[in-house]
1. Could you say whether any residue in the range 154-170 is in a loop (DSSP other than H, G, I, E, B), touching a residue at least 60 places away in the same chain (Cβ under 8 Å) and in the same structural domain as F218 (by TED's automatic domain parsing)?
2. Restricting to the range 127-150, give me the number of residues that are under 30 Å from S288 (Cα atoms) and modelled with pLDDT of 95 or more.
3. From G403, G364, which residue is on the phi > 0 side of the Ramachandran plot and either of a type in the set (F, W, Y) or out of contact with any Asp or Glu (no Cβ under 6 Å at 6 or more places or on another chain) (or both)?
4. Working only within the range 230-277, note down all residues that are at pLDDT below 95, in contact with a Phe, Trp or Tyr (Cβ under 9 Å, 6 or more places away or on another chain) and under 24 Å from A381 (Cα atoms).
5. Determine the pairs where a residue that is in contact (Cβ under 8 Å) with a residue 60 or more places away in the chain, located within the range 95-111, has a partner that is β-branched (V, I, T) with Cβ atoms under 7 Å apart, the partner being 6 or more residues away or on another chain.
6. With the condition kept exactly as written, say whether any residue in the range 403-414 is over 21 Å from A344 (Cα atoms), touching a residue at least 40 places away in the same chain (Cβ under 8 Å) and in a loop (DSSP other than H, G, I, E, B).
7. I want to confirm something. Restricting to the range 178-223 and keeping residues that are of a type in the set (D, E) and either touching a Pro at 6+ places or on another chain (Cβ under 7 Å) or part of a helix (DSSP H, G or I) (or both), which single residue is surrounded by the most Cβ atoms within 10 Å (Cβ to Cβ)?
Amino acid sequence: MLPSRVVVVSFRFRPNRDDIHGGQDAFVHDLVRELRARGTAVDVITFRGRDDAEEAISDGARVHLLETPYSAELTAHEAHQRGTWRLLEVMESYSNAVERFLPKLRARIGGPLTILSHDIAEARWVRGARRAGDRIVTFGHVFFSEFALEDLTSAELERMHARAHFPLPLLTIGRMLLRRSDARQQLERAARVFRRPELLALLPGPARAALAGERSAFVDAHRVLLPARAMLEKVAAAYPRADADRALSVAPWGIGLSSATEDDVATLARKYAIDEGDRVLVTMSRLSPDKRIDALLTALKRVEEIAPALAKKTVVVLCGRPSFLEDHAYQRALIEQAKTLQHARVVFAGFQRGVDRTAHLRLGTRFVQIGRYEAFGLGIAEALSLGLPAITSDTDGAREILGSDTQAAHVVRGAPFEESLAHAIVTEIGGARRDELRESAARRIGQRFAWGGTIDAISGAIGSISGTVRARATSRAE
């Protein structure tokens with residue numbers, strides 16, 4: 001059973017749904033909505049950007065937007081646009097603001113809080129909150145240190161160094177590792193070393209705060225809900241805790257799409273000049289390098305060579321917007337790359353939500369999500385819930401969603417990746433437009449991710465904390 005009041009803490013929450021830039025932002029909004037629908041009062045704590053009010057009401061929840069030294073300078077979106085180091089600085093200041101604000105909220109509410117935290121690298125406040133008696137459940141939506149290293153380049157390291165002034169030994173090691181052909185593996189080995197508490201002091205302030213935040217989110221929270229078994233195993237290995245069998249668990253993440261009519265879908269088809277026999281590939285993701293949209297366009301170029309007739313009937317609808325520093329340049333490069341296609345067409349549709357999101361998915365012949373890193377993959381679950389089979393990369397999230405099913409999605413594993421993707425596209429959309437067997441399998445999987453399962457996982461996690469607290473209190477009394 002849910003408590004009568006919870007506090008949702010999320011750096012990424014935006015009171016206005018028009019400011020949502022990605023699936024995780026939407027997930028937190030939907031979480032608040034689902035909690036309110038079940039009669040739970042909700043307070044939300046988030047970052048206050050330029051032009052934001054100090055408090056707001058959103059989806060029936062009271063939103064506390066916390067002032068930081070960067071609030072007058074940046075909107076929440078701009079904080080992601082100024083480079084990795086500036087984002088780390090903003091997150092550190094936000095975490096400090098959360099730590100200062102929580103005692104005020106406890107005083108206002110009249111006791112310890114029940115907190116659902118969406119913060120990871122921003123979560124250095126968790127340890128103090130637990131010591132103050134709060135019950136804390138972390139939504140482990142990202143393994144931040146793994147994700148941050150996934151796309152670290154030499155250019156980004158130098159930009160960070162210009163602001164951070166890394167110690168020379170640390171900078172030299174970073175430069176050396178990024179020049180190696182196996183840079184990703186070597187960086188992950190280095191990260192494992194620096195995750196150790198005794199070595200955090202070697203890192204400059206914001207980097208140290210981010211790793212300390214990640215540790216606190218995964219070690220100091222009473223319970224951690226993770227979207228995939230593979231991610232749970234990584235977190236357990238990186239941050240051992242004696243109670244891991246009780247504290248860490250895999251929980252379904254809820255999806256809740258709006259209804260769209262046949263007329264809504266037909267309107268989109270006319271808008272994008274999609275004919276009856278066309279094959280439509282739909283994406284729902286940030287226009288960021290880690291999402292590998294460029295690989296999709298490269299694969300389409302290859303499809304034009306091996307199956308030109310199919311390419312002439314292929315339309316790619318890219319639903320998403322730039323979010324991080326390099327993303328606007330990446331979007332411009334994608335637009336230029338799309339112009340090189342001779343037969344296939346590419347539509348840049350922008351970020352979609354509500355009825356439009358559902359209508360775009362229903363327009364598709366296949367859903368495509370081929371990012372390098374997907375802790376869960378909300379878009380995949382959404383597509384499958386509508387009976388739309390997927391083409392995916394081999395990520396933790398895709399494996400968790402699909403399980404052993406081989407009907408609902410084509411998982412691209414071969415190398416070179418773009419060549420394997422091209423052949424997957426030909427295989428998936430080269431036949432009849434409808435495939436009832438695959439659509440049925442997709443729908444069967446997607447329906448597992450209703451919000452009821454997520455709320456049950458939250459209730460169970462909070463209830464188990466209460467049981468642990470009572471047991472400890474009884475033990476002390478005896």
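The values are calculated or read from the model by the stated rules, or taken from the named source; none is laboratory data. Keep in mind it's a predicted model, so treat the numbers as computed, not measured. So basically every Cβ, Gly included, is an ideal-geometry build from the backbone, and we count neighbours across all protein chains shown.
1. Start the filter on the range 154-170 by keeping residues that are in a loop (DSSP other than H, G, I, E, B), which leaves 165-167.
Imposing the further condition that a residue be touching a residue at least 60 places away in the same chain (Cβ under 8 Å) reduces the set to none.
Checked the range 154-170: no residue is in a loop (DSSP other than H, G, I, E, B), touching a residue at least 60 places away in the same chain (Cβ under 8 Å) and in the same structural domain as F218 (by TED's automatic domain parsing).
2. Matching residues across the range 127-150 total 2.
3. Going through G403, G364 in turn, the sole match is G403.
4. Scanning the range 230-277 gives M231, K234, V235, A251, P252, W253, G254, I255, G256.
5. V98/V9; V98/I45; L105/V7
6. We begin by selecting, within the range 403-414, every residue over 21 Å from A344 (Cα atoms); these are 403-409, 411, 413-414.
Add one more test, that the residue is touching a residue at least 40 places away in the same chain (Cβ under 8 Å), and what stays is 403, 405.
Next, from what is left, pick out any that are in a loop (DSSP other than H, G, I, E, B): 403, 405.
Yes, because at least one residue in the range 403-414 is over 21 Å from A344 (Cα atoms), touching a residue at least 40 places away in the same chain (Cβ under 8 Å) and in a loop (DSSP other than H, G, I, E, B).
7. Within the range 178-223, the subset of a type in the set (D, E) is 182, 188, 198, 214, 220.
With the extra rule that they be either touching a Pro at 6+ places or on another chain (Cβ under 7 Å) or part of a helix (DSSP H, G or I) (or both), the set shrinks to 188, 198, 214, 220.
Numbers: E188: 15, E198: 6, E214: 27, D220: 21.
Checked the range 178-223; the qualifying residue surrounded by the most Cβ atoms within 10 Å (Cβ to Cβ) is E214.
For (1) of a type in the set (K, R); (2) touching a strand residue (DSSP E or B) at 6+ places or on another chain (Cβ under 8 Å), each residue gets a yes or a no:
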{"position": "F11", "(1), (2)": "no, yes"}
{"position": "G22", "(1), (2)": "no, no"}
{"position": "L31", "(1), (2)": "no, yes"}
{"position": "R62", "(1), (2)": "yes, yes"}
{"position": "W85", "(1), (2)": "no, no"}
